Structures are given as structure tokens and as C-alpha cells.
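Colleague: This is the structure I have questions about; it appears just below.
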Amino acid sequence: MDEDLRVVFESRNRQSCADRALVLTSLQIPFQLVDDGGSCALVVPAQFSAQASQEIQLYEDENPPPQPKPVHHLLHQDALPGLVGYVLVVCLVAGMAGFSFFGTNWFVAGRIDGELIRNGEVWRLFTALTLHSGAKHLLGNIVFGVFFGLFAGRLLGSGVAWLAIVLAAATGNALNTLLLESAHRSIGASTAVFAALGIVAGYVWQGKLMSQDRWSNRYGPVVGGLALLMYTGTGGPNTDIGAHLLGFICGFGAGMILIRFGFDQDARRSQLVAGAVALGLVTSSWVIALAV
């Protein structure tokens, strides 16, 4: 080979040098691959340098380096208003139901009743979320609701998070009612609790970790959510496993939808409107239930 050699490519990535060496080989351009242990270079005789540089440039234009997938950066929102609202609503309903305000049996008026829901009393899908069988039932759902609601609120903002939780939980109740016999009856915010868990898992999985290569990172939120569901949502003879599972599934879908279509988390007006709608759904459902 001619002693007058020119460097046409240099890199610390040996595979990059090898790829371009194949280009030169296919065009029968003589070259040497020089590797000093820290970097490598392709050198060619001076009379071939212009052609070699041009062909390498064409190769690079046709094979641009892969761009990393954009990662959704999570911005922590103010979760406190939603948590306060949740605790106040379930405690207020518990107190009013316990004392039979307005001379009405709130449990009969607001519980999940498969037959009545099939006959059009769809407001029960919302009212049942605020009823509890006793102090232990209420306290448990407050603790877990605040815990999972905190994460959902920090991800989505208080208003959007609780509107998504209420809608996902009501949908879970509806599906559970349709899948079970018409005599099915239930109460409790646990469906909403697991909807919140599902929203967090779906949002994080779809938005932040899908771009990671390791399967443990991609599916970690899903596995973790299901593990918590199995640990906290399947125990006790009176546990409505179907409602818990469907609440989680509906919440998971809601979380994926929210991040796929996007929304302005920082828009205070949007958060206020969403929060008002969530509260309005529960309040109007109770107004209808007590008036019937």
C-alpha cells in the first residue's frame, strides 16, 4: 500500500470503524484499520481518500445514529386539596348515613344493587363509593385512599387525579355489576382506592418506563400494582375481589389514556374544573339517590 496514507474515519467505537471498513471493502477501496487500544482509525492511500470520505459520508447519511426515545419527565403536583376533599366526603357521608339524615336509610339508597342498576339507577355506581359498613372499613379506605391518592395527585394534579379516580371506580363498579348476578350488593371506597393504584401504575408504565430496555423497568409498575392488589385487595370473606380487580384495570387504562393524549398539568383552571366535576358527580348522585 502507498506510504502516503490519509485518515478518513476515526472513533473510539470499534464497531463504527468495522461498519465503515465493510463499506470500503465492498467498493474495493484499499485501507488499513489502525487500533491503538483507545481508539481506531481507517486510513487509505491518498488517491482514494476523497472517494473513501464521500462513501463513508453517504453511509452515515443513510444510517443515522438511533435517537433515544423521549422520556416523560414527571412533575410533582399539589395533591393536598384532593386528599382533603376525599377524606371530608367519605367522613361526611359516613356521619350522615350513620344518623340517617333526612329520614333516609342511606345504605339502601346508595349501595351497589345489581338489579336496580340494571333498571337504570346508575347513580349507585358513585354513591356506593362513599358508603362504609363501620369505623374499621372507613378507616382502612381512608388510609389506603390517602396513600394511593397522594401518588395519583402528585402525578396528575388533585382535580384531574380525583376525576379520573371517580370515573374509573364507577366504571369498575359497572363492569363488576354486569359480570355478577343481579342480586350482587356492595359498598365502599375500595374500588376507588384500587382505581387510584391502577392510574399510578398505568401512568408511570406508559409514560416514563416504556423507553427503558430492561424488562424489569418496563413492567415494574404493573407487577408492583398487581402485587399490592393481591396483598391488600383479596383478603377477608366480605371482600369484593371483582370490584378491586376491575377498579385497578379501569384505573390502569385511565392512566395510560391520560399520558397518551396529554393535558396541561399546571393549568390551575383545568384542575379546578376537573375537581368540581368529580365532586359534582358524587354530590348529584346522592341528591338523586335521596330524592328517589
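Colleague: Quick one: the Cα spread of segment 34-157 along its three principal axes, in angstroms, biggest first?
Modeller: 101, 35, 22 Å, listed from the longest principal axis down.
Colleague: Only loop residues by DSSP count here, and only those with at most 10 other Cβ atoms within 10 Å; note down the chymotrypsin sites (Phe, Trp or Tyr not before Pro) in segment 94-124 that meet that.
Modeller: Working: sites: F99, F101, F102, W106, F107, W123; in loops: F99, W123.
When the chymotrypsin sites (Phe, Trp or Tyr not before Pro) of segment 94-124 are filtered for loop state and at most 10 Cβ neighbours within 10 Å, F99 remain.
Colleague: Using just the alpha carbons, could you tell me how many Å³ per residue the convex hull of segment 148-200 encloses?
Modeller: Dividing the Cα hull volume of segment 148-200 by its residues yields 60 Å³.
Colleague: If a/c stays under 1.5 just call it rounded; otherwise compare a/b with b/c (prolate if a/b is bigger, oblate if not). Do that for segment 5-62, with a ≥ b ≥ c from the square roots of the Cα gyration tensor eigenvalues.
Modeller: On the way: a/c = 1.79, a/b = 1.24, b/c = 1.44.
Because a/c hits 1.5 or more and a/b fails to exceed b/c, segment 5-62 counts as oblate.
Colleague: At a Förster radius of 41 Å, what calculated FRET efficiency corresponds to the Cβ-Cβ distance of E62 and A276, to the nearest 0.05? Could the numbers behind the result be given before it?
Modeller: Numbers: r = 55 Å, r/R0 = 1.33.
So the FRET efficiency works out to roughly 0.15.
Since every read-out is calculated from the coordinates, none of them should be taken as a lab result. All figures in this text were calculated on a predicted structure; none of them were measured in a lab. Heads up, the Cβs are rebuilt from the backbone with ideal geometry, glycines too, and the neighbour counts pull from every protein chain shown.
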